[in-house]
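Participant: Could you have a look at this structure, given as structure tokens, before my questions?
The values are calculated or read from the model by the stated rules, or taken from the named source; none is laboratory data. Since the model is a prediction, treat every value here as computed from it, not as a measurement. Here the Cβ positions follow ideal geometry from the backbone for every residue, glycine too, while neighbour counts run over all protein chains shown.
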Amino acid sequence: MKREDSTVYIPNPRVAYRKIGERFVLVNIEDNNILKLNETGSEIWSCLDGRDINEVAAHVREVFDVSQEEALSDVRDFLEDMKKRGLVEQQNQE
Amino acid sequence: MVIKPRDATTIEQVSDCEVRPGSFWERLQDESDFPLIALFCATERCCMKCAHCYQTERTGRGELDFEEIEDLLDQLAALGVFRFSITGGEPALRDDLHQIVEAAWKRKFLVSLKTTAALLNKQDIIKLRENGLSSLSVSLYHIEPEKHDEFVGRKGAWRRAMSALETFSDIGGISNMSTVIMDWNTGAIAPLKNMCEERGWNLVADAKVLLADDGGDAVVGLRASGDTQLEAMKNLPNARQRRPVKGPGDQLCLAGITSVYIKPTGEVWLCPAMPVSLGNIRDRSLYEIWTESELRKQVIGLTWGDSEKCMTCEDNRFCQRCPGEAFKEHGSFTAAATVDCEVARAHARIWREDGGDDG
């Protein structure tokens, strides 16, 4: 698994979202599914502002006190899942 | 990591705009101090002449301009409001309706629109959807075009309404047909319901004809009654729902909790059915108006036990007593409005005719 990753994910433009309490709630208006993220997912979602995966993982590592490797792996898995659900788009790849 | 981000929780389907007991919106509301839903009456001007309309101000004087609406949207987003519902009057009478939808979507609201659709052609509906409109509610009062058009006072209105609903659902949006049960259209409710089911639309049918904002009761003659009302109400989604008996400490209504209503002039109300202003966003921030309002505190503190008459009423578990309607009729939030008693009685009859127990 590659250690560094400069892939950038951004929210799909057809997704409405809001932070309610401590968690983000997302609705893709194309299929009208509601997704409520957990605490970790919400931290990651809040970083989808142009930061690449490395930067997102660094934020997660800081907040949850985990290794960079573990954070990177979890962030990557989460965003791949979000991509499959049509909730994020990949902006560019190294 | 203790909680894996990929175990993202809770997938549900957004259906319509109603906050029903136990619904996703109601459960989600527990996690926010501010309402998750904002209803924005973009204008009270209207191109229709529906006899049951409760709005009394139609001039359009002093409406918020687009810049003020953008500021409102910023405030709502910062307060955590998620759903932005545009209503009227007829919102399409505003030249900037498309801009308003686009501005709300840009701030990632879930955007909905309630309209007569009389001024919206197919291209408008497509553009609204492209601009981020998630759900469209269109008023339709009869299955027969001529009867609908005659009631709303506009030829071709039925055809426009149907076209808007069809176009919007064809391009993936949520289409809601809004209707009101009245004495002249009771026979049309079942066919309207069937039409919605066939097309995958939601039917949002109101069993109550509300008094005018100024308490005017000219609409009372439109209220359905007797067996025809009962037959029409049997088509409502909640017609046969079992309801708990009300306890004296049970909260009366969700006004002031789940939604905030903003009038075209910037006045803030708790609910469209409660014509009392908390303040104006032209004078103070929405947050200040909301959190400092004594009226809001009073209304969210209302309980069923405030009315002895209601607590001893055998039909009270079928009742959705509206303090706003009571205020219009009696000048008191704790009184019982006639229409609420009538509708509760009808719900109770449906329940008992179906063999429901009284426990």
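Participant: Take B:Glu130 and tell me if it is among the acidic types (Asp, Glu) and either touching a residue at least 12 places away in the same chain (Cβ under 8 Å) or surrounded by 21 or more Cβ atoms within 10 Å (Cβ to Cβ) (or both).
Facilitator: The answer is no for B:Glu130.
Participant: Shifting gears a bit: Just to be sure before I move on: is B:Ser139 within 14 Å of chain A (Cβ to nearest Cβ), in contact with a Ser or Thr (Cβ under 6 Å, 6 or more places away or on another chain), buried (at least 20 other Cβ atoms within 10 Å of the Cβ) and polar (S, T, N, Q) in the structure I sent?
Facilitator: no
Participant: Still on this structure, I have one more. What tally of residues in the stretch B:219-243 results from selecting those that are assigned to a loop (DSSP other than H, G, I, E, B), free of Cβ contacts under 8 Å to residues at least 60 places away in the same chain and over 19 Å from the mean Cα position of the chain (by Cα)?
Facilitator: 2
Participant: Give the number of residues within the stretch B:120-160 that are in a strand (DSSP E or B) and closer than 26 Å to B:Leu222 by Cβ.
Facilitator: 4
Participant: Count, please, the residues in the stretch B:90-110 that happen to be over 14 Å from B:Ser137 (Cβ atoms) and more than 14 Å from chain A (Cβ to nearest Cβ).
Facilitator: Matching residues across the stretch B:90-110 total 8.
Participant: Grab the helices (runs of 4 or more DSSP H) fully contained in chain A, keeping just those with 2 or more residues being more than 8 Å from chain B (Cβ to nearest Cβ) and of a type in the set (Val, Ile, Thr).
Facilitator: Result: A:53-64.
Participant: Across the stretch B:104-139, which residue is farthest from the chain's Cα centre (by Cα) among those that are farther than 15 Å from B:Ala42 by Cβ and among the β-branched types (Val, Ile, Thr)?
Facilitator: The extreme case among them is B:Ile126.
Participant: I've got another one for you. When the stretch A:36-94 is examined, which residues are found to be within 19 Å of A:Ile10 (Cβ to Cβ) and basic (Lys, Arg)?
Facilitator: A:Arg51, A:Arg76, A:Lys83, A:Lys84, A:Arg85 - these are the residues of the stretch A:36-94 that are within 19 Å of A:Ile10 (Cβ to Cβ) and basic (Lys, Arg).
Participant: A further question on this structure: For the stretch B:156-174, indicate whether the set of residues that are within 14 Å of chain A (Cβ to nearest Cβ), touching a strand residue (DSSP E or B) at 6+ places or on another chain (Cβ under 9 Å) and within 21 Å of B:Cys53 (Cα to Cα) is non-empty.
Facilitator: Among the residues of the stretch B:156-174, not one is within 14 Å of chain A (Cβ to nearest Cβ), touching a strand residue (DSSP E or B) at 6+ places or on another chain (Cβ under 9 Å) and within 21 Å of B:Cys53 (Cα to Cα), which makes the answer no.
Participant: Out of the residues in the stretch B:244-257 that are more than 16 Å from B:Trp25 (Cα to Cα) and in a loop (DSSP other than H, G, I, E, B), which is nearest to the chain's Cα centre (by Cα)?
Facilitator: Here the answer is B:Leu252.
Participant: Then there's this: Of these, B:Val204, B:Val260, B:Val209, which one is modelled with pLDDT of 95 or more and under 15 Å from the mean Cα position of the chain (by Cα)? Break it down stepwise before answering.
Facilitator: Values: B:Val204 fails: modelled with pLDDT of 95 or more; B:Val209 fails: modelled with pLDDT of 95 or more.
Going through B:Val204, B:Val260, B:Val209 in turn, the sole match is B:Val260.
Participant: Could we say that B:Thr265 is closer than 26 Å to B:Asn202 by Cβ and in contact (Cβ under 8 Å) with a residue 40 or more places away in the chain here? So that I can check it myself, show each step before the final result.
Facilitator: On the way: closer than 26 Å to B:Asn202 by Cβ: no; in contact (Cβ under 8 Å) with a residue 40 or more places away in the chain: yes.
No, not satisfied.
Participant: Another question, then. Of all residues in the stretch B:150-166, how many are under 21 Å from B:Ile126 (Cβ atoms) and out of contact with any helix residue (DSSP H, G or I) (no Cβ under 9 Å at 6 or more places or on another chain)?
Facilitator: Residues that pass the stated criteria total 1.
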